[in-house]
1. Tally up the residues in region 280-293 that are aliphatic (A, V, I, L, M) and open to solvent by 10 Å² or more (accessible area, probe 1.4 Å), please.
2. What are the pairs, 6+ residues apart or on separate chains, where a residue within region 362-379 that is farther than 11 Å from residue 193 by Cβ has its Cβ under 7 Å from a residue that is part of a helix (DSSP H, G or I) and open to solvent by 10 Å² or more (accessible area, probe 1.4 Å)?
3. Among the numbered criteria (1) in a helix (DSSP H, G or I); (2) more than 23 Å from residue 456 (Cβ to Cβ); (3) open to solvent by 20 Å² or more (accessible area, probe 1.4 Å); (4) modelled with pLDDT of 85 or more, which one does residue 152 miss?
4. Given the options 301, 324, name the one that is at pLDDT 85 or above and either among the acidic types (Asp, Glu) or under 21 Å from the mean Cα position of the chain (by Cα) (or both).
5. I'd like the residue in region 228-262 that is hydroxyl-bearing (Ser, Thr, Tyr) and part of a helix (DSSP H, G or I) and, out of all such residues, is nearest to residue 139 (Cα to Cα).
6. Considering only region 113-152, state which residues are under 24 Å from residue 255 (Cβ atoms) and touching an Asp or Glu at 6+ places or on another chain (Cβ under 7 Å).
7. Among (1) at pLDDT 80 or above; (2) open to solvent by 60 Å² or more (accessible area, probe 1.4 Å), there is one condition residue 58 misses while meeting the rest; what is its number?
Amino acid sequence: MESEKVVPTERELGKFDLNDPEVVALIHHAEASDAADRKLTFREALKKYRRAVFWAMILSTSLIMEGYDIVMISSFYGQTQFKERFGVPDPATGELLITPEWQSGISNSALVGQLAGLVVNAFAQDRFGARMTMMAFMVWMAIAIFIPVFAPNLSVFAFGEAMCGISWGVFQTLSTSYASEVVPTILRPYVTAYVCMCWGAGILLSSGVVRAVASIEGEMGWRLPFILQWVWPVPLFLVGYFAPESPWNSVRRGNIDEARKNLGRLVQESPDQEREVAATLAYIQYTTAMEKAETENATFLDCFRGTNLRRTEINCVVWAAQILCGNAILGYSVVFLQAAGFSETKSFDVNISLSACYIVGGIICWFMFPHVGRATIYMGGLTFMFFCLIAIGGLAWAEGDKASTAIGVLLVISTLCNMITIGPVCYPIVAETPSGPLRYKTITIGRFVYNLTGLVTNSITPRMLSPIAWNWGAKAGLFYAGTNLLCNIWCWFRLPETKDRTFGEIDLLFENKVPARKFKYTKVDQFAHQNAEIHKLGLEKAESAEEVEVAK
């Protein structure tokens, strides 16, 4: 495919006074920093920025709590102890069940809390930075855990989930945006995909805990998993206290000294550290200045104006497709497996296998990043899951243990595919596509749509699976095969390829309205125009000096 070339627009150039020697020096330093980071191999980048990778990964650990609780709750809908405490009898069989209405209500309570947390974080992280925001909501989390642990009924239990959800909503966008900003381009997909692996680690941990407490009689069978959540807030509060702030965040808040100090903590010590920090800081200042030319004093409304509308659309659909790809079934895997014919114990055992896919899949995805583009991996995963869902839905008309086993195997394969492709790749896409000043807000809007999508699927999926409601069983796979196909069609026309692109290059590609299918092949030189203007001004000054000499 023939490639095109884009350069900064006149509006973006208007932020720079090219007659100012300091501005010219800033541009040259920024260009040098960009060129130096482009030459780094994965090993070199990991060695140079290993401190940044450490902090990005350890702050992402906060998402283990969300993954732990969300899937633990859905597992409780099939747990005997929880059903004995809060269930109602099935009129047909007399078996105690958590009604579909309460399943939706409890799961959606957590999502409503997350929606509130997302909005809070969009303002808090912009104003106070990642560190202070994380510490504040770790304290909130430690207090909120008391409510579900001592809940006397499902109403209080749902309220407690909503209060915990506020913290999870904060951590969802905070961890992704922080990880994307503290490392260079070549390392960005790895640390952002690790965010998804942390979520998966929480799921795996909760699956193991729920299986382990299956033999505990009485209310401790469901209370103990909640009590274990108090392990996290104190150490993660200390992580937030000692972590360096994102230098991009510091520059956007106008605190250049703080940015310089934190860059020194993120880059490995070396004889050239001071020069490297100065060059990286120059690049951040340069890119931020260009972004502010387009989005200065930005608000949430600016996410829906001009080229930012396209960026917001990408964030929203990529987030929503995380659920609509078929992941909605996986969130109710225990109930789904029991509806497909598995016993309670066997469904918990298979659920552990499903949860392990989140870790194994994420590691496999890491090996794909250097060789395959984000959009290719994402659409490939959607396609594979589509056929798995068709097969699962078709097996609903078969009977016997063999059919149930086949459904379980396909569900494990589908989950592994999801976590090799769609799950982890979502995070670098949503971190890279927004503009800098609107990054937190755009990711917040996208995650908001994700949670709204979850509200809808949490309302209909339990009804699909429940024997006292629609009773679709494995046929629910056909419904989500349809939503999966719609998402894949959108991706073909609208999802751009951002592999190996810097934030500055991505800004220019969107500003020049490059079509999604051409992102991969378009050449970008974000310094070309400025260098040409600097060269031109230099020549004009030289000619002016010669005229003065002649006049004398």
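1. Here is the first cut: in region 280-293, the ones aliphatic (A, V, I, L, M) are 281-282, 284, 289-290, 293.
Checking the rest, the ones that are also open to solvent by 10 Å² or more (accessible area, probe 1.4 Å) come to 289-290, 293.
Adding up the residues that qualify gives 3.
2. Pairs found: 370/42; 379/488; 379/492.
3. Result: residue 152 passes all but (1).
4. Values: 301 fails: either among the acidic types (Asp, Glu) or under 21 Å from the mean Cα position of the chain (by Cα) (or both).
Criteria check complete, one pass: 324.
5. Within region 228-262, the subset hydroxyl-bearing (Ser, Thr, Tyr) is 241, 246, 250.
Subsequent filtering for residues that are part of a helix (DSSP H, G or I) retains 241, 250.
Numbers: 241: 12, 250: 24 Å.
Per the stated criteria, the residue is 241.
6. Within region 113-152, 129, 130, 131 qualify.
7. It is condition (2) that residue 58 fails.
Residue by residue, here is whether (1) touching a helix residue (DSSP H, G or I) at 6+ places or on another chain (Cβ under 6 Å); (2) open to solvent by 10 Å² or more (accessible area, probe 1.4 Å); (3) among the β-branched types (Val, Ile, Thr) holds:
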| residue | (1), (2), (3) |
| --- | --- |
| 437 | yes, yes, no |
| 443 | yes, no, yes |
| 448 | yes, yes, no |
| 455 | yes, yes, no |
| 458 | yes, yes, no |
| 484 | yes, no, no |
| 495 | yes, no, no |
| 498 | yes, no, yes |
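The values are calculated or read from the model by the stated rules, or taken from the named source; none is laboratory data. On a predicted model such as this, the values are computed, not experimentally measured, just so you know. For neighbour counting, all protein chains shown are included, and Cβ atoms are generated from backbone atoms with ideal geometry for every residue, glycine included. Just so you know, the surface numbers come from the protein's heavy atoms only, side chains and all, with ligands and any DNA or RNA stripped out. Shrake-Rupley method; radii C 1.70, N 1.55, O 1.52, S 1.80 Å.
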